[in-house]
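The values are calculated or read from the model by the stated rules, or taken from the named source; none is laboratory data. It should be emphasised that the depicted structure is a prediction, and the values quoted were computed from it without experimental measurement. Cβ coordinates were reconstructed from backbone atoms using ideal geometry, including for glycine residues, and neighbour counts include every protein chain displayed. We work out accessible area using only protein heavy atoms, side chains counted, and drop any ligands, DNA or RNA first. Shrake-Rupley method; radii C 1.70, N 1.55, O 1.52, S 1.80 Å.
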Amino acid sequence: MTILTKRFTDALDYARVAHAAQVRKGSSIPYLYHLLGVASLVIEIGGDEDQAIAGLLHDVIEDCGEPHRALVRAQFGDAVADIVEDCTDGSAESKASHTDIEAKRRDWMRRKLDYLAHLAKAPDATLLVSGCDKLHNARAILNDLENPEVGTRVFDRFTGGREGTLGYYQSLSEVFSKRGARMVVQLEATVARMHALAGATSRISLTE
């Protein structure tokens with residue numbers, strides 16, 4: 001059983017404040033919803049408190065900025081900070097430095113390919129948190145694909161577009177499968193359904 005202490009509630013408050021002004025893409029849902037979802041999946045799959053805390057904080061550098069690197073390490077320790085670093089494929093500042101659409105797409109592709117290569121050798125502790133993050137995101141995309149008011153327009157929200165997003169999640173599914181990650185069955189099923197509803201005739205990964 002995963003025991004949650006005051007460190008977890010402190011991390012929840014940290015995430016609430018850091019992401020206070022942010023919402024999920026294409027919605028008015030507070031971003032904290034995603035962080036709670038990832039932490040819940042981590043706990044469900046058997047992760048420890050450090051992993052659950054990292055689930056709450058995994059996007060704080062990427063979405064809120066570089067200063068959080070040192071702050072997370074100082075407040076929550078090396079184990080949490082290392083997972084958060086491993087789950088980060090770019091800081092808020094680095095992503096904001098690209099202004100035109102094509103530059104953003106090139107940067108997106110580079111970051112995703114680098115992240116896939118990183119996951120292939122990432123520690124198991126990171127793999128569990130990252131996998132729960134990707135599963136929660138994939139399920140959110142699937143929910144929109146199943147919603148007739150959204151459907152395939154969901155891909156307009158993403159820098160990678162329809163093919164890039166589908167390719168990225170297929171690649172993630174393959175990496176997690178090779179690593180024997182605990183959430184891979186759920187992720188594979190979700191990604192397969194995403195492709196089917198998106199009208200993809202075949203599944204092509206980013207690394208092919």
Open item on the list: I'd like the full set of residues that are in contact (Cβ under 8 Å) with a residue 12 or more places away in the chain and either part of a helix (DSSP H, G or I) or surrounded by fewer than 16 Cβ atoms within 10 Å (Cβ to Cβ) (or both), limited to the stretch 5-19.
Closed with: THR5, ARG7, PHE8, ASP10, ALA11, LEU12, TYR14, ALA15, ARG16, ALA18
- [ ] Return the residue satisfying two criteria in turn: it lies in the stretch 25-48 and is open to solvent by 10 Å² or more (accessible area, probe 1.4 Å) and touching a helix residue (DSSP H, G or I) at 6+ places or on another chain (Cβ under 6 Å), and of such residues it is farthest from VAL129 (Cα to Cα).
- [x] GLY26
- [ ] Only residues in the stretch 59-84 that are farther than 19 Å from GLU49 by Cα count as the first member; pair them with residues that are in a loop (DSSP other than H, G, I, E, B), Cβ under 6 angstrom, at least 6 apart or cross-chain, and list the lot.
- [x] ILE61/THR88; ILE61/SER91; GLU62/THR88; GLU66/SER91
Open item on the list: Between GLN186, GLN170, which is under 30 Å from VAL80 (Cα atoms) and either without any contact (Cβ under 8 Å) to a residue 24 or more places away in the chain or open to solvent by 60 Å² or more (accessible area, probe 1.4 Å) (or both)?
Closed with: GLN186
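A quick yes/no check of all residues on (1) farther than 24 Å from CYS132 by Cα; (2) at pLDDT below 95:
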site: HIS58; (1), (2): no, no
site: PHE76; (1), (2): no, no
site: ASP86; (1), (2): no, no
site: THR99; (1), (2): yes, yes
site: GLU102; (1), (2): yes, yes
site: TRP108; (1), (2): no, yes
Task: Failed criterion for SER130 (all others in (1) of a type outside the set (Val, Ile, Thr); (2) open to solvent by 20 Å² or more (accessible area, probe 1.4 Å); (3) in contact (Cβ under 8 Å) with a residue 60 or more places away in the chain hold) - done: (2)
Task: Members of the stretch 95-123 found to be in contact (Cβ under 8 Å) with a residue 12 or more places away in the chain, closer than 26 Å to TYR14 by Cα and open to solvent by 50 Å² or more (accessible area, probe 1.4 Å), listed by number - done: LYS95, PRO123
Task: Breaking point among (1) surrounded by fewer than 16 Cβ atoms within 10 Å (Cβ to Cβ); (2) closer than 24 Å to ASP114 by Cα; (3) polar (S, T, N, Q), for THR88 - done: (1)
Task: Residues (assigned to a helix (DSSP H, G or I) and open to solvent by less than 60 Å² (accessible area, probe 1.4 Å)) located in the stretch 58-79 - done: VAL60, ILE61, GLU62, ASP63, CYS64, HIS68, VAL72, PHE76, ALA79
- [ ] Check the stretch 134-148 and report whether any residue there is at pLDDT below 95, out of contact with any helix residue (DSSP H, G or I) (no Cβ under 6 Å at 6 or more places or on another chain) and either over 30 Å from ASP48 (Cβ atoms) or among the β-branched types (Val, Ile, Thr) (or both).
- [x] no
TODO: Confirm whether ASP82 is modelled with pLDDT under 95 and either closer than 25 Å to GLU174 by Cα or not in a helix (DSSP H, G or I) (or both).
DONE: no
